[in-house]
1. Between Thr225 and Asp577, what is the spin-label point distance in nm, taking each point 7 Å from the Cα along the Cα→C-beta axis?
2. Based on the alpha-carbon gyration tensor of the stretch 159-277 and its eigenvalue square roots a ≥ b ≥ c, which shape applies: rounded if a/c is under 1.5, prolate if not and a/b is larger than b/c, or oblate?
3. In whole percent, and with a 1.4 Å probe on the protein chains, what portion of the accessible area of the stretch 440-581 is carbon and sulfur?
4. On average, how much accessible surface per residue is there in the stretch 440-581, in Å², for a 1.4 Å probe, leaving out ligands, DNA and RNA?
5. For the stretch 159-277, what relative contact order do you get, as a whole percent, if you take Cα pairs closer than 8 Å and at least 6 residues apart?
6. Within the stretch 159-277, what percent of beta bridges assigned by DSSP are antiparallel, to the nearest 5?
7. Using the heavy atoms of the protein chains alone and a 1.4 angstrom probe, what is the accessible area of the stretch 159-277 per residue in square angstrom?
8. How far apart, in nanometres, would the label points at Ser126 and Thr534 be if each is projected 7 angstrom from Cα along the Cα-to-Cβ direction?
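The values are calculated or read from the model by the stated rules, or taken from the named source; none is laboratory data. Just so it is clear, the model here is predicted, and its values are computed rather than measured. Cβ: placed from backbone, ideal geometry, glycine included. Neighbour counts: every protein chain shown. Quick note on the areas: whole protein, heavy atoms, side chains included, nothing else; ligands and nucleic acids left out. Shrake-Rupley method; radii C 1.70, N 1.55, O 1.52, S 1.80 Å.
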Amino acid sequence: MVDAMEDLRAHLHRVRIPEPTNRIFKQECCVSFDTPKSKGGLYVDMSSFLAFGEDFVDWNYQKTGNPVYLHIKQTKKVVSEEDRPSKKPTILAIGVEGGFGSGEPQYEESCSIIILPHYASLPFPSVVLPEKVRLAADAILLAEGVERKEQVSAWVAEKQASAYAMNLPQIDNDIIVPPSGWKCAKCDKTDNLWLNLTDGMILCGRKNWDGTGGNNHAIDHYNETKYPLAVKLGTITADLEAADVFSYPEDESVIDPLLPHHLAHFGIDFSSLQKTEMTTAERELDQNTNFDWNRLQESAEALQPLFGPGYTGLVNLGNSCYLAATMQVAYTTNAFVSRYFANRSLKSAFDDAPADPTVDLNMQLTKLGHGLLSGRYSSPSSEKQEGIPPQMFKTVIAASHPEFSTMRQQDALEYFLHLLEQVERVNAGNPKLDPSRNFKFGIEDRIQCPSGKVTYNRRYDYILSLNIPLHAATNKDQLEEFQKLKTQAESEGKDMAAGEIVRPRVPLEACLASYSAPEEVMDFYSTALKAKATATKTTGLTSFPDYLVLHMRKFVMEDGWVPKKLDVYIDVPDIIDISHMRSKGLQPGEEILPEIDGEAEFTGPVANEDIVSQLLSMGFGQLLCEKAAINTSNVGVEEAMNWLLSHMDDPDIDEPISHMSQKAPASVDQSKVDTLISFGFQEEVARKALISTGGDIEKATDWIFSNPNAASSSDMDTSSSGAAAAEAELPDGPGRYMLLGFVSHMGTSTHCGHYVAHIKKDGKWVLYNDEKVGASVNPPKDMGYLYFFERLTE
């Protein structure tokens, strides 16, 4: 004991007392998924406040030299048979007398101070410890961990400053609120109490549906007085941003920018208060993350649970199934397995990471890879499949995309593209290790105008997005019969039974054929004809990736821009061959369209004569009519009229069109330019397209395809050295692929519902449904949203 104390005193200068703004990790290891419940517990660095599992704390000591750690160990309580609930529930409630038990085991927590490298141990709490150590350890234990904070902040939907805060009336009634011992002024409730910031009344919160909570006295008081803001007592600490302020008229949690002033009115010194209550967001989070989706799926009970390496599930953090399903498939590919597991140890990733490994994407990808593939967190001896929570990874990957940092459901396609873009970014210094390149391929559009001359456009993508040609359904007879029965049932006021519904069945081959089929390009400006004409466009692939991802466009826009999900089955074979989709580039005898003249390249599209004519009949001048038509991409008279009326006072409205076009680049939105660049277009071309289409990205994309020679010949010429060099960097090979896995979606929109993944492993299909992993008996291959294929080399 004496040696350990001397060792601790010798390193007191390495101990820090955390400030309210410090990020404190105490629920999960930074480089693994170990927690205080793990066999070795968790070690919190008392200098950096990072946490490490038993097998990894030495690495941190070697890297930083920080020797003093707060060891937190949680041990499951043993519940005797007498203490186990045996009565049947009598009320519909959880965790209350007469209700359901929560089912969650309880844990006892023990702490100690550990000094490395010899793991000298001192008990905590203990009065013999130096005061600095006691204060630091107390602050760590009392603080809310970053892991929990990030979950809660993600769950809260962007709190806004209250409209009532700046001019909030406060009554001078000499009320002083004590730092503790609160009680509702109208009942005996001592928890879930709210302080009205106008008159200082302390009242209980709302009553929950199950009978728990308060007695509605706080909201009743608002209804009587209309005093708008209240703060929840027990959530006020030195970190005022975490305080739970509720606005009754706005009916949501809000930010009170003047909260220190409003609290001081009632004599509250917030710097000395400690947190004792959950915020509204925390309660919502607990209720939602404890909800077991699989109880709604009876089929899940019949699944045989699978354990071991590669069979670890991912905990749903709150609408994070899109992330879980996508990452499970990604870590089945050799591209991700080799980069972030087989050829990358946790130790090397940690050594290469910055001082805070929680913000390093490569570190967190390696952590996730080892968590999913090592089998460390998927043992048959476990009472249930708990999975691992990808919270640190989600925080890092979402840092550059605000939507993915929320608890809202997201589009799995959009997320997968974002993942690959971020992976490419962090591996830019070593592209040969970049897993994203194994998904990347070249696309080439061949456009032929009526003159017979052609042009070629090239771009790159990670996804082959396919339209679903419903006219190619193979069960048309059954569909016709079903429509007759449906019409008859509707006329009789009846509904069709679920088992009677017939959906179109479209072969995947038809979707691929639709992608390559010739299509007309209207109003294509031919530099050979020096006029607009209808051209023909065909699309092919210039390279075949190691992993081909197919996106089925099940979500379409109906008239009026109303989104609709196609209720359709896609018949997907286990093996496909897309060799016929390879683009061959410029062929012997083909003649390239001439380039646009230097003067013409700034003029943009020609104004539609019909639109101009109708605007002229309304009394506007020729120049103004042409400008209106051009700036609305010749969409229609109404759009041109609206543009004209809103730009009549522009200082350059009477300048010639050529001058207008030359000045336009200064007003182009750079974010839109960046978006087009991410599609594979050159910056100069992107700017021209946006100028010509009034800044509309979708129309700008169409403009680029209709005006391919707007780019310099070095970028569009298929024989250019730059294009050839870029092509050479991409994987390429035969066009035969085998189905590796697919992500399915249940719901009416990509932003609601549920995602699951089916993956073929060792010749058998496996279902990944958040933390649940089981053998799939009948994989619904015809219901996929994203299909992942792996190239066959033989």
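1. 8.0 nm
2. It comes out rounded by the Cα gyration axes.
3. Roughly 50 percent, rounded to a whole number.
4. I get 51 Å² per residue for the stretch 440-581.
5. For the stretch 159-277, the relative contact order is 27 percent.
6. Of all bridge pairs located within the stretch 159-277, approximately 95 percent are antiparallel.
7. Counting only protein heavy atoms, the per-residue value for the stretch 159-277 is 50 Å².
8. 8.9 nm
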